[in-house]
1. Please specify each residue of the range 314-324 satisfying the condition of being open to solvent by 40 Å² or more (accessible area, probe 1.4 Å) and either in contact with a Phe, Trp or Tyr (Cβ under 6 Å, 6 or more places away or on another chain) or in a strand (DSSP E or B) (or both).
2. If a residue has to be in contact (Cβ under 8 Å) with a residue 24 or more places away in the chain and of a type in the set (S, T, N, Q) to count, how many in the range 187-236 make the cut?
3. Would you mind telling me which numbered condition in (1) aromatic (Phe, Trp, Tyr); (2) over 60 Å from the mean Cα position of the chain (by Cα); (3) not in a loop (DSSP other than H, G, I, E, B) Trp55 fails?
4. Of the residues in the range 14-52, how many are at pLDDT below 80 and not in a helix (DSSP H, G or I)?
5. Among (1) within 25 Å of Tyr429 (Cα to Cα); (2) open to solvent by less than 60 Å² (accessible area, probe 1.4 Å); (3) outside any loop (DSSP other than H, G, I, E, B), which single condition is Ala486 missing?
6. Just to be sure before I move on: is Gly372 touching a residue at least 12 places away in the same chain (Cβ under 8 Å) and on the phi > 0 side of the Ramachandran plot in the structure I sent?
7. What number of residues within the range 271-313 are assigned to a helix (DSSP H, G or I), exposed (fewer than 14 other Cβ atoms within 10 Å of the Cβ) and of a type in the set (S, T, N, Q)?
8. Anything in the range 391-412 that is closer than 22 Å to Ala380 by Cα, open to solvent by 50 Å² or more (accessible area, probe 1.4 Å) and either assigned to a helix (DSSP H, G or I) or of a type in the set (Lys, Arg) (or both)? List them, or say none.
Amino acid sequence: VLSCENKAEGFHLLNSFGDLDESVVQKITTSPLFRDIIDLEKGQIINDLASDDRWPNTCPDLKILLIMPLVAHDQCSGALILGSGNENDLFSAGDLKQATAMAAIAAEILYNAHLFQEVVEARNYNENILENLSNGVITLDLALCVTKANAAARRILQQDEQKLLGTAIGDLFTGENTWIAEPFNQNSIGKRGIYWTDRDLKIGDAEGVTVNLSAVPLENVEHRQIGFMLILEDITREKRIKGTMARFMSERVVEKVMDAGESVLGGAAQDATVLFSDIRNFTGLSEDLNPKQMVETLNSYFTDMVDVIFERGGTLDKFIGDAIMAVFGAPFVTPDDPDNAAHAAIEMMLRLEAFNRLQDNRIGPVLDMGIGINSGTVVAGTIGSPRRMDYTVIGDQVNLASRIEAANKYYGTKILVSEHTAKRFRKSYSMREVDLVKVAGRQAPTALFEILDYHSENTFPEMDSVLEAYGKGLHHYRHREWVQGAKYFTAALRANPNDRATQIFLHRCWTHAARPPDDNWSSVTDLART
């Protein structure tokens, strides 16, 4: 008796008696004679093998054959072979009839055996998949008792399989976890099931886990309900990571990081816009505050400023004392990063004004702030030691942003941006070029621009007149035309006497007019020497 999964994959010996061994079987099954009979799926008697053209006569001791395909449910599952080496032992029509009857029984048995094997393999395959799923899966019967719990479910619930099996759902989820059992006990699962997101699951005395959980009814092939399935997705780690990142990034950016995977926080060189802000003379202001008041003031100030950064899609890089470092474009670069940084700076100044009004009412310190912005290529990534790592950006462009922020002290400005940022703007701002400067650590000069959109008529009188006169004065200054430059700077100063940048250039013009510099003079200001 031969068995086969399907005809294409070949036949193997299932059982034999007499002298019909494996080698003989192989010669028979590889012959054209055998293939013809199997393809026709109808038994045949060959009482004279030697004269049959389909027989290669590779077994001279074999004289006669009866070959009967085993066919059940239109599927060949094997073959019955009877043979003899005695040419006088001829098979008769009666033998063929008996073989046909035997074949029908054998075919059904083999067919069912193959089906059973497939079911066993499918079950083992499904069991293996279920056991290796990252999500916990619990199945319940109609009595709401556990019939199966995979490895992930046992890990989440911190229970072994023997303890879980047969446990009623009402006994499994008690106390703070009764919200899971209630829909089952109230028969309110429904045809489509129910779904809970971001729910805390209390596990004994442990801290517990956070899960997404769904419950769906189970049906058999006849669409009769046979139980329920409970799926638990452990999101504790994701929630912890998300909570940590939410301290540094807006919720929208956090969601993008979670979707993209933590790999986006790895090291990469990318274009970004860096913003530094710093409170002016906070050390002096804090002398009148006790430690608690100083911390409360800083926390309130930082809360307002960080909210603005997040609203504009920025990432909080770090606090440096009373300074803030923020990044726009890391971990995700957008064409609007420079504008988002500019808008954030403007809004930060407006929030500071509101903060100071509130501080006046509380008799707290009035704060002043400077902001510096620069754009360029930075290295962004998670940097630190195994004990402490932070997502940050480093590089020359970061250092330049910090130097630009510090330049506000010299020019009396509030928001300064580099030429690298200004040329990337896609929107218009009330802006003037302040100066061409060289900062510590860099040889190449950088043009600085001041953004003035946060000002009102009270804080910056006759802004348009000042900007026009200042621009003309700067042009003459750079062409060593000191008297003409002084004329325009004087006009700008009449419009706004408190404009520190105008005061600086007016003084330079009069100084150079009185003592003209030599031919090596440059209009670039070396801030490291100021």
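The values are calculated or read from the model by the stated rules, or taken from the named source; none is laboratory data. From a predicted model like this one, the values you see are computed outputs, not experimental measurements. So basically every Cβ, Gly included, is an ideal-geometry build from the backbone, and we count neighbours across all protein chains shown. Note: accessible area is taken over every heavy atom of the protein model, side chains too, but ligands, DNA and RNA are not part of it. Shrake-Rupley method; radii C 1.70, N 1.55, O 1.52, S 1.80 Å.
1. If the condition is that a residue be open to solvent by 40 Å² or more (accessible area, probe 1.4 Å) and either in contact with a Phe, Trp or Tyr (Cβ under 6 Å, 6 or more places away or on another chain) or in a strand (DSSP E or B) (or both), then Lys318, Phe319, Ile320 are the ones that fit.
2. 3
3. Failing condition for Trp55: (3).
4. Total meeting the criteria: 8.
5. It fails just one condition, (1).
6. no
7. 3
8. Across the range 391-412, the qualifying residues are Asp396, Asn399, Arg403.
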